[in-house]
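In what follows, a single structure is set out as structure tokens and then discussed.
Every read-out reported here was derived from the displayed coordinates using simple, explicitly stated rules and does not represent laboratory data. Predicted, not measured: the structure shown is a model, and the values here were computed from it. Please note: Cβ atoms are built from the backbone with ideal geometry, for glycine as well, and neighbour counts cover all protein chains shown.
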Amino acid sequence: MNLSEQARGLVGQPMFAFKKRVGELEKKGKNIIHLEIGDSCYTPPDDVLMACAESVLSGDTHYTNACGIDELREEIAKSVFEEYGFFPTVDNIAVLPANAAIDFVIRCTCDVGDEVIVPDPCFPTYTSVLSYTGITAVAVPLDYKDGFKLRYKDVAKRVSSKTKLIILNSPSNPTGAMMDGKDIAKIYDLARSKHITILTDEVYSKIAYKLPPLSSATMDKCRSNVVLLKSFSKEYAMAGFRLGYIVAPEHFARKISLMMETIFSCMPRFIQKAGIAALEYNKGSVTWYREHYKECRDYLHRSLNNMGFKCHKPDGAFYMFPKVTGDDKTAQEKFLKHGVAVLAGSYFGYHGNGHLRICFANTMENIREAVSRMEGIC
Ligand code: PLP
């Protein structure tokens, strides 16, 4: 069967092919600790599960509106006010999976031939969407020596008349780095003056181990040129619910909802009810997850340093990005042989080469066991 040029450009997220292979090894009896995919080993809080179950059992199994039910968007507006200090209207909010939002935002801001500035290494969905749509990715190499921080000066020199979108991701997947406030402010001013949209991907904003800098979403109140992206996956361990949202100027949020309507119709109402429960009742659980991940981070960082890996202590998210000697795919295989699944840094871009991404959203027991297996490698 013929494939379109777009289909040929699709690369997806290479980590899922690796995950599949890891699953096959497990089926053959190999014992593996999963530190590869960015999915917490924990289940969501009970209130969330109950809200979802009650909604399904009460018959919430029909289509609903594409932009998200009002009750959820009202809760989201309150939560945005608490975190970002401005109150969006429900019409500024569209509810959809965060991953899909990245695709929709890129396609609603860019045409073929336009340019998007992305950090390298970065979350692979950005580059996969750019690769299949024929929109040009302009990579900003991030430097280990500078803590993998995205800097204003490196962004500014890549802005051209074709730049339509700049993607910021702080805290970052895969490095856990957080941007400095002064870089965010200057990038915001530059983007605003040149009518460039910023997609600020803050799906890890509540998993920050130090005070986060002022977001471009707060500077703009998402009224002019900033789209804020959030997800329930990481903060509430709800990855399987596929629930997220964007906050954007009203006309833009409406277009994103039309994309949603065209492709998915809507998010299931019972999933959205779970989202309301997460926002209403479970602020305490976010703190619990963060404190726990912090303990895991500190232990893993100490252990990796003791083993001789060069590695920054991440300021946010739940990933460690140590350097390895030699090829990262070879290192990935070595770890797997010893029963620890981690990801090659090059899955996240050319400048991820020579690193491994280790997800520590796990039990301390599993992390301790993974460390003892790693000690066998060094
Ligand atoms: N943005 C970043 C930086 C991510 O790491 C992820 C998922 O890993 C997403 C967006 C997508 O989030 P979700 O899985 O909730 O769609």
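When the chain is treated as a Gaussian network with alpha carbon springs shorter than 10 Å, the biggest mean-square fluctuation among Lys186, Lys153, Lys221 belongs to Lys153. Across Tyr188, Tyr152, Tyr281, mean-square fluctuation computed from a Gaussian network of the chain (C-alpha pairs under 10 Å connected) peaks at Tyr281. When the chain is treated as a Gaussian network with alpha carbon springs shorter than 10 Å, the biggest mean-square fluctuation among Asn282, Asn92, Asn31 belongs to Asn31.
In the chain, what % of DSSP beta bridges are antiparallel (nearest 5)?
Details: 13 of 33 bridges.
Within the chain, antiparallel bridges account for around 40 percent of the total.
Magnitude of the charge dipole for the stretch 212-309, about its Cα centre and with charges confined to Cβ atoms of Lys, Arg (+1) and Asp, Glu (-1), is about 100 debye. Evaluated with a Cβ-only charge set (Lys, Arg +1; Asp, Glu -1), the chain carries a dipole of roughly 1120 debye about its Cα centre, given to the nearest 20. Ordering Tyr209, Pro119, Leu49 by the projection of their Cα atoms onto the charge dipole of the chain, which places +1 on the Cβ of Lys and Arg and -1 on the Cβ of Asp and Glu, puts Pro119 at the extreme positive end.
Round to a whole angstrom and tell me the spacing of the C-alpha centers of the stretch 224-238 and the stretch 97-149. Centre-to-centre (Cα) distance: 16 Å. Simple spin-label estimate for Phe16 and Arg223 gives 3.9 nm between the two label positions (7 Å along the Cα-to-Cβ direction from each Cα). Separation of the stretch 245-308 and the stretch 1-40, taken as the distance between their Cα centroids, equals 22 angstrom.
Using the rule -39500 (n - 2.57) for each DSSP H run of four or more residues, divided by the residues of the chain, the 222 nm mean residue ellipticity is -13500 deg cm²/dmol.
Quick one: which of 226-234, 10-18, 191-199 comes out on top by average Cβ neighbours within 10 Å, and what's the full order, highest first?
With the highest mean Cβ count within 10 Å placed first, the list reads 226-234, 191-199, 10-18.
Each of Leu96, Tyr299, Ala253 was scored by the projection of its Cα onto the charge dipole of the chain, and the greatest displacement toward the positive side belongs to Tyr299; charges sit on the C-beta of Lys, Arg, Asp and Glu. Pair-distance distribution of the stretch 298-378: all C-alpha pairs, bin width 5 Å, starting at 0; shares per bin in whole percent are 3, 16, 28, 30, 17, 5, 0. Once the Cβ-Cβ distance of Glu26 and Thr61 is raised to the sixth power relative to R0 = 25 Å, the FRET efficiency obtained is 0.15. A 25 angstrom limit on the alpha carbon distance is what I want to check against. Which of Lys149/Lys283; Lys164/Lys313; Lys186/Lys323; Lys78/Lys186; Lys210/Lys255; Lys149/Lys206 exceed it? Checking Cα-Cα distances, Lys149/Lys283; Lys164/Lys313; Lys186/Lys323; Lys78/Lys186; Lys210/Lys255 exceed 25 Å. If both residues of a DSSP beta bridge must be in the stretch 187-290, then about 50% of such bridges are antiparallel.
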